[in-house]
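A short worksheet on the structure shown next.
The values are calculated or read from the model by the stated rules, or taken from the named source; none is laboratory data. Everything numeric in this text was worked out from a predicted model, so none of it was measured. Please note that ligands, DNA and RNA were not included when accessible areas were found on the heavy atoms of the full protein model with its side chains. Shrake-Rupley method; radii C 1.70, N 1.55, O 1.52, S 1.80 Å.
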Amino acid sequence: MKVNTLLVAVAAGTAMAAPQLKKRSGFTFFGVSESGAEFGEQNIPGVWGTDYTFPDTEAISTLISKGFNSFRIPFLMERLTPEITGSFDEGYLNNLTSVVNAVTNAGAWAIIDPHNYGRFNGEIISTASDFQTWWKNVASEFADNKNVIFDTNNEYHDMDQTLVLDLNQAAINGIRAAGATSQYIFVEGNSYTGAWTWTDNNDNLKSLTDPQDKIVYEMHQYLDTDGSGTNEACVSETIGAERVKSATQWLKDNGKLGVIGEFAGGDNDVCRAAVKSLLDALKENNDVWLGALWWAAGPWWGDYMFSMEPTDGTAYKGMISTLETYMG
Ligand SMILES: *[C@@H]1O[C@H](CO)[C@@H](O)[C@H](O)[C@H]1NC(C)=O
């Protein structure tokens, strides 16, 4: 920026623009989950600094400078609202909101992720109207922030399939009723929202409706033998593409959009190739796939095999050069 331009801008009282994110050629969303606020789920509400923490906004800035533009922020519903339809714990809400605002003020996307597996206090959420109220209350807090995305819930599993449909629809209805009409909504499916098993389990979710037409189907895909993301070995160099093939076709057949909300692989050459295979398959089909998010960064991962936390996380050191290719 030329000095005299800067002086003119300051003199005119022009607000400084948010940092410009790198221009994207392939994906709308390329990012990472930011763990911390969902940790210690065996202790509800738990103690800040002991059971859970919040993501480090300095670390998020570093990841933004690398080219990530989307940050999924997991937290626990019970900590935000001790009663599902009740009022907020203001301290937890403020801390969550601070992270969201740090992300969105930098021009990136903040994905609000109740990391609850379709459960509340350990019980399957069975009353869709309660879930609708919860989402209406939460979305009201973020209704004016256009860079927020709402993720209805992390990884529904072992639930009635019609209930998964009804809960997602209730979330959409609650969010829109709160006046949050501009934001994307990421819906998730049953069976841990796996992409590789999506068509076997979640076909009924194609009937979800949104008056704003901004539904994105969030699927998760790991590359180890059982697809759970618990092993640092990947099945083969081509497993990434293989595991999203049927879901890609489902998105196309039904005129839907998708995002891989979690993926990862260990710090080894087979996994680096497998990750590339996954991302190439998504990029080739970016008419239906809007992007992908690595699992996961966060200040408390220590030596976790998939840690993307700057600067000494295992994946930050070993995988970022593979991922950088997809950010520009
Ligand atoms: C919020 O974060 C502050 C530190 O910034 C901490 O002292 C406080 O306990 C946190 N509150 C909750 C409810 O997480």
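Once the 1.4 Å probe is applied to the protein heavy atoms, segment 259-328 comes out at 34 Å² accessible per residue.
The fraction of Cα-Cα pairs per 20 angstrom bin, counted from 0 for the chain, comes to 33, 59, 8, 0 percent, rounded to whole percents.
Nonpolar atom fraction for the chain, defined as the carbon and sulfur part of the 1.4 Å probe accessible area, stands at 49 percent. Quick one: work out the % antiparallel among DSSP beta bridges in the chain, nearest 5. In the chain, approximately 5 percent of DSSP beta bridges are antiparallel ones. Only Cα pairs under 8 Å and 6+ residues apart enter the sum, and on that basis the relative contact order of the chain stands at 18 percent.
Classify segment 130-268: rounded, prolate or oblate, from the alpha-carbon gyration tensor (a ≥ b ≥ c, eigenvalue square roots; a/c under 1.5 rounded; otherwise prolate if a/b is larger than b/c)? Prolate, because a/c is 1.5 or more and a/b exceeds b/c. Using only Cα atoms, locate the centre of segment 217-258 and the centre of segment 80-128, then give the distance between them in Å, rounded to an integer. Here the answer is 27 Å between Cα centres. Per-residue ellipticity at 222 nm, computed for the chain from helices alone with -39500 (n - 2.57) per DSSP H run of at least four residues, works out to -10500 deg cm²/dmol.
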